[in-house]
Structure formats: structure tokens, C-alpha cells
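First the structure, in the form of C-alpha cells, and then the observations on it.
The values are calculated or read from the model by the stated rules, or taken from the named source; none is laboratory data. As the structure is a prediction and not an experimental result, all values here were calculated from the model. No Cβ is skipped: glycine too gets one built from the backbone with ideal geometry, and neighbour counts run over all protein chains shown. Quick note on the areas: whole protein, heavy atoms, side chains included, nothing else; ligands and nucleic acids left out. Shrake-Rupley method; radii C 1.70, N 1.55, O 1.52, S 1.80 Å.
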Amino acid sequence: SHLNDDKKNAEELVLNQGYLKSVESSDYYHGKEQAIVVSGKDDSNEEMIAWVQDENVITRKKSEGMSEKDIIEKVVNERSPKKIHKVKLGIENKIPLWEVVYIDQNGRYNFYYAAFENGELLKRYSI
């Protein structure tokens, strides 16, 4: 499929260009912008995340940012959602971020975007 090709290309790019030494997984992000988010390890065996948009790659150490557990905790504490629907890594304006989709107490879907680095709220809206 087209998506699998995109993922494979993104994985090859980060490996060939030396951003990562090994790839564990990759995921497609489709927000305002699109990206492939590749997780793996670098030469020092450090867990890394690479955000790939066409030929542009931004990398962060996994340990430098919020974990999925951290960001869920933050949203639960701040927003008291009825249910967390999905959580994924993304990017916008070259800022790595977490996208959290949750259902609020009124049953509405909310989109919550927080900086990967520190969990700072970038934007939030409901539909």
C-alpha cells in the first residue's frame, strides 16, 4: 500500500542518513501536516524518535520528552475526559508534539496538542 511505502521510505531515510541505527516501529501522522514518526535506537543505543516529512528529519531522544503515560496523565488531570480515544506523536511547524483525542463529559471529541518536549499546550479544540 501507499502508506506502507511511505513508512518504508521514511525508515530507510533515517537509517541511511545515520539518524537511527535500528528501527523498532513507524507510525503515520496525519494532522494539519503529515509525517512519518519512526522510533528506534541510535549508535549509542539510546532510544530515539525521528519525525520525517519528505526529506526533512527532526530527531529527539525519547528520554528528553514526555512519554505517552505522562501526556495521558496531564490530559486526565487538566481536562477530566470521559474517555481517551487515541494518543499519537505528530509534528506541526517543526515542533514535535503529542496529539491526544479524547471524549469530554458532554460526549464531544476534543483534540489536544502538546509539545513533546515539556507537554506545554499548543492548541486544543473540540468538534
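Here are some notes:
- Candidate set from the range 44-74 (those that are touching a Leu at 6+ places or on another chain (Cβ under 8 Å) and of a type outside the set (V, I, T)); member that is most open to solvent (accessible area, probe 1.4 Å): E55
- When the range 89-127 is filtered for residues that are within 22 Å of I49 (Cβ to Cβ), open to solvent by 50 Å² or more (accessible area, probe 1.4 Å) and of a type outside the set (K, R), the ones remaining, listed by number, are N93, I95, E117, N118, E120, L121, L122.
- The selection criterion, being under 11 Å from the mean Cα position of the chain (by Cα), at pLDDT below 95 and not aromatic (F, W, Y), does not hold for G65.
- Applying the condition of being more than 11 Å from the chain's Cα centre (by Cα) and open to solvent by less than 60 Å² (accessible area, probe 1.4 Å) to the range 31-40 and asking which residue is nearest to I95 (Cα to Cα) yields E33.
- K86 vs. criteria modelled with pLDDT of 95 or more, in contact with a strand residue (DSSP E or B) (Cβ under 9 Å, 6 or more places away or on another chain) and either open to solvent by less than 50 Å² (accessible area, probe 1.4 Å) or within 30 Å of G107 (Cα to Cα) (or both): yes
- The range 65-80, residues that are of a type in the set (S, T, N, Q) and either under 18 Å from S39 (Cβ atoms) or in contact with a Pro (Cβ under 9 Å, 6 or more places away or on another chain) (or both): S67
- So S22, is it of a type in the set (G, A, S), more than 22 Å from E120 (Cβ to Cβ), touching a Gly at 6+ places or on another chain (Cβ under 7 Å) and open to solvent by less than 70 Å² (accessible area, probe 1.4 Å): yes
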